[in-house]
Amino acid sequence: MKALLLFSAILALSILFQDDNSPLKVTSYKWSHARQKIELPPAQGTVPPAQQMIPQNRNFARNARVNDPQGVRDPNADTVDGRSAALERSVADSRAPQTKTMDGFAYRIKVQNQSANIVEIVFWEYQFQDPAQPDLVARRQFLCGVNIPGGKGKELEGFSLSGPSDVINVKTLASNTFKETVLINRVEYSDGSIWQRKGWNLAEVKGSYERVLREQWVPGTCKGL
């Protein structure tokens, strides 16, 4: 995952080999309708200030308040520090994590690492092409942080709000005659070496790449570009 941290550094890396034969072999692929829960990260709160030293907080008065009946207002709530802490709690509550369910599409592929090196980063895309309009191609690109040892396989899954219907006409979609293709665009290894497909440029996803770097990552997950 270290290669994800510096976009400029990745651009500066030399690509050791580049051809049309991907070192990651795609053994199967499919897409389906899916629903995904998206949780916003919680806001970073601040440490509440220490209670102001008022007469009610001195030892004798504080011990006496232990026996106060339920419902008696805490005198600390009326101090500057108390009001400040209450305001901070209110702001933190308004920024609490929220989960929203989104309707979209899941894109799944299975890959086999045909090299001896450990794969750490994979850029790939799922393409849809309408035979009636071959110039129109829908591309769903994903970036995955993985750990695939040499000779091993792994299933990768990306989620997108967009599906094939964005470019495929309704008749073609209903008859399921559109062409599906999966391309491995770039592979980065644990030893720093890189393979990249001819005709694909990392700069074309620079904006979305920088966006996903600001999001929370879970090892083994894929982010849409």
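Odds and ends about this structure:
- Counting only lysines at least 8 places from K100 when in the same chain, those with an alpha carbon closer than 29 Å to its own are K30, K37, K110, K154, K206, K223.
- Shape call, the range 97-156: gyration tensor on alpha carbons, a/c limit 1.5: oblate
No lab work stands behind these numbers, since they all come straight from the coordinates. Note that the structure is predicted; figures quoted are calculated from it, not measured.
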